[in-house]
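Asker: My structure is below; once you've seen it, I'll send some questions.
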């Protein structure tokens, strides 16, 4: 990795900069200190995204940022390109954002103005959606789709949640029943739902707070999808907060201050979002902490699927 990082810094004209690893999840992210300026150097996991998908992500973030939404700014290399391939690893660079994450999943939300920050998140989410709808995408723009097939098809983006190997017989039957009901329901509704580019991962870790400024980071999962899916993603991780109803209302109020949306089907998308995590963790059951995450994901999905299915009885 060291050789790749040093090569990248030469390409970006920062050969003498100091750098350190700050995150190693789907990608390896390094903080680069170049004089008074800091940057985020990203080394992408092989096979996670194609070059076209990454270039599209960077172009999209640049367009959003130019319209005033707080997102990372892609930094071109000395040759003007946003993306380079070094020893088979895709490398790009973003500006380093100030502030701290809103919080961490599994811990209590800690913010002095809880409903105020959710209003702001909803407003910025709506602005992101609105800007994306009015942006003239490049002809070769490419991102995946959180559509009906991506969520419920035979090969969902995040694996077949109903085949998670740890499901009990009862849970497996519940998950299959939900899928059998949700597929025709979504098929009937999809032409009426707001659909377009979404962030798809606006959880606490991906919302940076710096005073009154809110930054939306980590567009790895972004693509085309239902706008309610974005709202559900943010709400899902706050289900256990004592003031969840107030946070829910504040998020929607913030969204509607910029853009209209019908939330009648939010219950379906809460259940769908919960299901995706059960699929996602299926291939990660050997990782540290996965037992607890898996149990939590299944419990949440079970609860939300049950609530949704009760509407059909």
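The values are calculated or read from the model by the stated rules, or taken from the named source; none is laboratory data. What you see is a predicted model; the values in this text were computed from it and never measured. Quick reminder, even Gly has a Cβ in these numbers, built from the backbone with ideal geometry, and neighbours come from all protein chains shown.
Asker: Touching a strand residue (DSSP E or B) at 6+ places or on another chain (Cβ under 7 Å) and in the same structural domain as residue 299 (by TED's automatic domain parsing), is that true of residue 181?
Answerer: no
Asker: Moving on. Being under 17 Å from the mean Cα position of the chain (by Cα) and either farther than 22 Å from residue 216 by Cβ or exposed (fewer than 15 other Cβ atoms within 10 Å of the Cβ) (or both) is true for just one of 23, 15. Which residue is that?
Answerer: The match here is 23.
Asker: Next question, about the same structure. Looking at this structure, is residue 54 modelled with pLDDT of 95 or more and loosely packed, with under 14 Cβ neighbours inside 10 Å?
Answerer: So residue 54 does not fit the description; no.
Asker: Oh, and also: Checking the conditions here, which among 70, 80 is surrounded by fewer than 19 Cβ atoms within 10 Å (Cβ to Cβ) and not assigned by TED's automatic domain parsing to the domain that holds residue 257?
Answerer: 80
Asker: Criterion first (in contact with a strand residue (DSSP E or B) (Cβ under 9 Å, 6 or more places away or on another chain), modelled with pLDDT under 95 and farther than 17 Å from residue 81 by Cα) does residue 33 satisfy it?
Answerer: It is false that residue 33 is in contact with a strand residue (DSSP E or B) (Cβ under 9 Å, 6 or more places away or on another chain), modelled with pLDDT under 95 and farther than 17 Å from residue 81 by Cα.
Asker: Might you check whether a residue that is within 30 Å of residue 243 (Cα to Cα) and within 19 Å of the chain's Cα centre (by Cα) occurs anywhere in the stretch 164-180?
Answerer: No.
Asker: So which residues in the stretch 26-44 are exposed (fewer than 14 other Cβ atoms within 10 Å of the Cβ) and in a strand (DSSP E or B)?
Answerer: 37
Asker: Is it the case that the stretch 256-277 has a residue that's in the same structural domain as residue 182 (by TED's automatic domain parsing), surrounded by 19 or more Cβ atoms within 10 Å (Cβ to Cβ), over 21 Å from residue 145 (Cβ atoms) and in contact with a helix residue (DSSP H, G or I) (Cβ under 9 Å, 6 or more places away or on another chain)?
Answerer: no
Asker: Follow-up question, since we're still on this one. If you check residue 97 against the conditions, is it under 30 Å from residue 240 (Cα atoms), buried (at least 17 other Cβ atoms within 10 Å of the Cβ) and out of contact with any strand residue (DSSP E or B) (no Cβ under 6 Å at 6 or more places or on another chain)?
Answerer: Taking the combined requirement at face value, the residue does not satisfy it.
Asker: Between a first residue in the stretch 278-304 that is outside the structural domain of residue 238 (by TED's automatic domain parsing) and free of Cβ contacts under 8 Å to residues at least 12 places away in the same chain and a second residue that is surrounded by 15 or more Cβ atoms within 10 Å (Cβ to Cβ) and in a helix (DSSP H, G or I), which pairs have beta carbons less than 7 Å apart while being 6 or more apart in sequence or on different chains?
Answerer: Note: no pairs meet the criteria.
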